[in-house]
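A.B. asks: Have a look at this one before I ask anything.
What follows is calculated from the coordinates using simple rules that are stated; it is not laboratory data. If you're wondering where the values come from, they're calculated on a predicted model, not measured in any experiment. Counting neighbours? That spans all protein chains shown, and the Cβs are built from the backbone with ideal geometry, glycine included.
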Amino acid sequence: MLCSNPKLDSHRFKDIIDEAITAGEVKATKAYNKWAKEISEIKPPTSPRKTRRKAKKGAETDLYALIAQRRDARKEKFDTMFSSLVSRYGENADSEPNEEEFEAAKRKLESQRSSSSSKKKKKPRRK
């Protein structure tokens with residue numbers, strides 16, 4: 001059957017076909033007898049619903065494991081990239097400028113601001 005699981009449903013199908021054979025609705029064939037013998041040797045499932053739930057839980061745990069594995073791989077790539085950036089550009093990232101460097105940067109910014117504001121004042125407006 002298309003939507004059946006042979007491990008769970010074969011015994012049920014065998015019982016249905018056996019009833020049809022005993023009622024005289026269907027004749028037994030060599031292929032059926034061979035298949036029925038194989039199915040009889042297999043232990044029938046105790047509760048098909050439980051095995052289906054277990055299969056679903058197994059699939060869910062596999063999915064969770066796959067997601068976690070990919071997340072860990074991405075985290076490792078990010079950590080590697082970040083550490084390479086820190087080693088390249090961030091060697092002195094934690095150190096602050098001393099007082100002289102700070103004053104020099106402040107003077108430079110102020111001079112840039114004053115020169116840009118004086119350029120704006122000198123431009124005549126057109127009408």
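A.B. asks: In nanometres, what is the gap between the two model label sites at Ser117 and Glu100, each 7 Å from Cα along Cα-to-Cβ?
C.D. replies: Once both label points are built, they end up 2.9 nm from each other.
A.B. asks: Give the order of Lys30, Lys108 when sorted by the count of other beta carbons within 10 angstrom, beginning with the fewest.
C.D. replies: With the fewest neighbours first, Lys30, Lys108 line up as Lys30, Lys108.
A.B. asks: A follow-up question, please. Compute the signed sum of charges (Lys and Arg +1, Asp and Glu -1) over the other residues within less than 12 Å, Cβ to Cβ, of Asn33.
C.D. replies: Neighbour charge sum, excluding Asn33 itself: +3.
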